[in-house]
Amino acid sequence: SSITQFLLLAFAGTRELQLLHFWLFLGIYLAALLGNGLIITTIACDDCFHTPMYFFLLNLFFLDLGSISTTLPKAMANSLW
């Protein structure tokens, strides 16, 4: 047998824990968006950061934004349902 889905059953009965989970993950999500956004803006706007190393770091930050934007909003939505 294989597991096809993962459910947080411990949060299912308590609405306060569901809301705590939502607000905690929302804070983590917003902090990651703000941090990555500031780094991306700094690298894009300053001419001394236009070297190959910063180009690859910029790609890393875009990948981080993409990965966090697919997992955390889904987890937040699941915590409220």
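Of all residues in region 34-81, how many are exposed (fewer than 12 other Cβ atoms within 10 Å of the Cβ) and small (G, A, S)?
4
Of a type in the set (A, V, I, L, M, F, W, C) and at pLDDT 90 or above: which single residue out of A77, A31 fits that description?
Residue meeting the stated conditions: A31.
For region 28-40, which residues satisfy the criterion of being within 11 Å of F61 (Cα to Cα) and β-branched (V, I, T)?
I39, I40
Under 7 Å by Cβ, and 6 or more places apart or on different chains, what pairs join a residue from region 13-35 that is part of a helix (DSSP H, G or I) with one that is loosely packed, with under 13 Cβ neighbours inside 10 Å?
Q18/L80; F22/L80
The values are calculated or read from the model by the stated rules, or taken from the named source; none is laboratory data. A quick note: this is a predicted structure, and the numbers were derived from the prediction, not measured. Because the Cβ atoms are built from the backbone with ideal geometry, glycine has one as well, and the counts that use them run over all protein chains shown.
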